[in-house]
1. Looking at (1) within 30 Å of residue 250 (Cα to Cα); (2) without any contact (Cβ under 8 Å) to a residue 12 or more places away in the chain, find the lone condition where residue 70 falls short.
2. Among the numbered conditions (1) in contact with a helix residue (DSSP H, G or I) (Cβ under 7 Å, 6 or more places away or on another chain); (2) surrounded by fewer than 14 Cβ atoms within 10 Å (Cβ to Cβ); (3) of a type outside the set (A, V, I, L, M), tell me where residue 87 comes up short.
3. So, of the residues in segment 44-64 that are of a type outside the set (Val, Ile, Thr) and within 14 Å of residue 18 (Cβ to Cβ), which turns out to be surrounded by the most Cβ atoms within 10 Å (Cβ to Cβ)?
4. Can you tell me which residue is farthest from residue 66 (Cα to Cα) among those in segment 3-26 that are β-branched (Val, Ile, Thr) and surrounded by 13 or more Cβ atoms within 10 Å (Cβ to Cβ)?
5. Kindly indicate whether residue 250 is touching a helix residue (DSSP H, G or I) at 6+ places or on another chain (Cβ under 6 Å) and assigned by TED's automatic domain parsing to the domain that holds residue 125.
6. Give me the pairs: first residue in segment 130-141 and in the same structural domain as residue 210 (by TED's automatic domain parsing) and surrounded by 11 or more Cβ atoms within 10 Å (Cβ to Cβ), second residue hydrophobic (A, V, I, L, M, F, W, C) and assigned to a loop (DSSP other than H, G, I, E, B), beta-carbon distance under 7 Å, and six or more apart or on different chains, which are they?
Amino acid sequence: MSQTGTVGELLRAWRRRRRVSQLELSVQSGVSSRHISFVETGRTAPSRRMVLHLAEHLAVPLRERNHLLVAAGYAPVYRERALDAPDMAAARDAVRQVLDGHEPYPALVVDRRWNLVATNSAADVFLDGVDPELLEPPVNMMRLGLHPNGFAPRVVNLPEVRARLMARLARQAGDPQLAALHEELLSYGPPGDYPPPGAHDIALPIRIRHRGHVLSFINTVATFGTAVDITLEEIAIESYFPADRATAEALGARS
């Protein structure tokens, strides 16, 4: 989303992005629809507290809340600290517990631009055998997954996986770097389409060839639900679970 404009214009853009009417936002936030209208049109200058209150009810990311505050004439309030900063020790420990506790199944951490932050040892099923240049930091998991020299050639159901990943990335394309990444990935092949799920499907698996086996995974994504640090809010822990018994047995034999 564009970071330029008045605070009212930015709030209106977020409300429309969330597909919420002024009346619905009024009911959710306890702020009159008239006041919301005045804020959006610039007739009323919102207080710092009001900006944050409306941003909370619109689920605006912390980074963008800082932009709203600046647009309203206030100082940013949310910090962005490196994950290896001393006061992020508790978060690092929590991430490492999740990663290590998920063994022998793969788990990894990515930031908002899909750059790899950390992995457990089982994640080598994705990293094994790819072009070393793609493993030069920062390692981008979208690029690694769809690049012809990444692990894309080993993905059995690549058209379906590519379509889902490209659709997911397209929803983030308001970020210029992610938009550029989206254009780059389009050059590797068309985004394609995927059939509607069958009656017995619960999730789209990713099936990957690895050392004589076809491993089938479904994945979950975990985030810090009460983060007040930008870095912490923007990282996601992706945990992969075996989608069949053969995959569970193959991974268990490696531990």
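The values are calculated or read from the model by the stated rules, or taken from the named source; none is laboratory data. Values in this document were obtained by computation on a predicted structure and should not be read as measured data. With ideal geometry, Cβ positions are generated from the backbone for all residues, glycine too; neighbour counts draw on all protein chains shown.
1. (1)
2. (1)
3. Here the residue is 54.
4. 20
5. It is false that residue 250 is touching a helix residue (DSSP H, G or I) at 6+ places or on another chain (Cβ under 6 Å) and assigned by TED's automatic domain parsing to the domain that holds residue 125.
6. Matching pairs, first to second residue: 130/151; 140/114; 141/114.
Conditions tested, residue by residue: (1) under 21 Å from residue 211 (Cβ atoms); (2) assigned to a helix (DSSP H, G or I).
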| position | (1), (2) |
| --- | --- |
| 149 | yes, no |
| 167 | no, yes |
| 174 | no, no |
| 188 | no, no |
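Table: residues versus (1) assigned by TED's automatic domain parsing to the domain that holds residue 124; (2) within 30 Å of residue 117 (Cβ to Cβ); (3) touching a His at 6+ places or on another chain (Cβ under 8 Å); (4) among the hydrophobic types (A, V, I, L, M, F, W, C).
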position: 30; (1), (2), (3), (4): no, no, no, no
position: 33; (1), (2), (3), (4): no, no, no, no
position: 62; (1), (2), (3), (4): no, yes, no, yes
position: 66; (1), (2), (3), (4): no, yes, no, no
position: 77; (1), (2), (3), (4): no, yes, no, yes
position: 81; (1), (2), (3), (4): no, yes, no, no
position: 99; (1), (2), (3), (4): yes, yes, no, yes
